[in-house]
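The values are calculated or read from the model by the stated rules, or taken from the named source; none is laboratory data. Nothing here was measured: the structure is a model prediction, and the numbers come from that model. Here the Cβ positions follow ideal geometry from the backbone for every residue, glycine too, while neighbour counts run over all protein chains shown.
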Amino acid sequence: MDVLLSLHYFPCIQWFSHLVKGNAIIEQHENYSKGSYRNRCQIVGANGLQRLSIPLQKGKNQQMPIKEVRISYDSSWQKEHWQSIRSAYGKAPYFEFYNEEIKSIFSIEEEYLFQYNIKVLHIIMEILELRPELLKYTESYKLLPPHSFDLRNGISPKANQQIIDPLFNPITYSQVFMERHGFLENVSILDAVFCLGPELEAHLNQ
C-alpha cells in the first residue's frame, strides 16, 4: 500500500521508514498547515526533546499552497539550528562521520520552504545511500486519495492529530542522553543518523 506523506524538515524515523520501503508518495500540491512538521523537527538534547523551527516570512501562510511558502532569513536560525544539533549529538558515535554533510545544509539559502526541504531530504538520502528513484510525488491533490494510507497530517507534533500507523514498528536504539531521559521514539532522522550510522537502513527496514 502506498503511504501519502507531507514533506517535513528533517523528517522523523517513521517518515523515513516508509521511504526506505519504497511505498512513500510525497504530497506536493497541498496547502501549508501551521503547527506541523513541515517547517520543524524534534531532536534529543541534554534537556530532552528540543524543537527546531524554520521561521517563515510574515503573512498568511496558513492554507497557502505549500510551494509558495517562503522562508525568512531575518534571524540567524540556520546557525542556531546547527549549534543545537552539534550540542545534542557532538558525542554521538557517528557524529564525526556525518557532521560536515549535515552542516552543509545550513549554508543553503533556498527561498521556498518546500524546495529547502527537498534539498535536506536529498542530503539525508545520500548519507543513507538511498536510491533517488525512491522519491515519488503526487501529480495532483486528492482529498481522499484512493488505495493510499493518508499520513499527510497523521505524523504530527500534535497528539490529537496523530494517526496510528500499523505499518511502522518503532525499535529502541541507544541515544546520547538515554540514561537521563529514557528512550524518546520517533524523533528526527538526525538522531538515528548520528546514533546508528551504517546500521540505520537496516533499522528502518524493520
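Of 151, 128, 135, 113, which residue is modelled with pLDDT under 95 and among the aliphatic types (A, V, I, L, M)? First the steps, then the outcome.
On the way: 151 fails: modelled with pLDDT under 95; 135 fails: modelled with pLDDT under 95; 113 fails: modelled with pLDDT under 95.
After ruling out the rest, the residue left standing is 128.
Matching residues to (1) part of a loop (DSSP other than H, G, I, E, B); (2) within 23 Å of residue 3 (Cα to Cα); (3) of a type outside the set (A, V, I, L, M, F, W, C):
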site: 91; (1), (2), (3): yes, no, yes
site: 103; (1), (2), (3): no, no, yes
site: 122; (1), (2), (3): no, yes, yes
site: 140; (1), (2), (3): yes, yes, yes
site: 143; (1), (2), (3): yes, yes, no
site: 184; (1), (2), (3): yes, no, no
site: 193; (1), (2), (3): no, yes, no
site: 196; (1), (2), (3): no, no, no
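Tell me which residues, restricted to region 36-67, are among the small types (Gly, Ala, Ser) and either assigned to a helix (DSSP H, G or I) or touching a helix residue (DSSP H, G or I) at 6+ places or on another chain (Cβ under 9 Å) (or both). Talk me through it step by step, then tell me what you get.
First, the residues of region 36-67 that are among the small types (Gly, Ala, Ser): 36, 45-46, 48, 53, 59.
Those that are among the small types (Gly, Ala, Ser) and either assigned to a helix (DSSP H, G or I) or touching a helix residue (DSSP H, G or I) at 6+ places or on another chain (Cβ under 9 Å) (or both): 36, 45, 46, 48, 53.
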Q) What's the number of the condition residue 22 fails, among (1) within 22 Å of residue 200 (Cβ to Cβ); (2) at pLDDT 95 or above; (3) of a type in the set (Gly, Ala, Ser)? A) (2)
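For residues that are among the hydrophobic types (A, V, I, L, M, F, W, C), free of Cβ contacts under 8 Å to residues at least 24 places away in the same chain and touching a Gly at 6+ places or on another chain (Cβ under 9 Å), scanning just region 127-180, find the one that is surrounded by the fewest Cβ atoms within 10 Å (Cβ to Cβ).
Per the criteria, the residue is 164.
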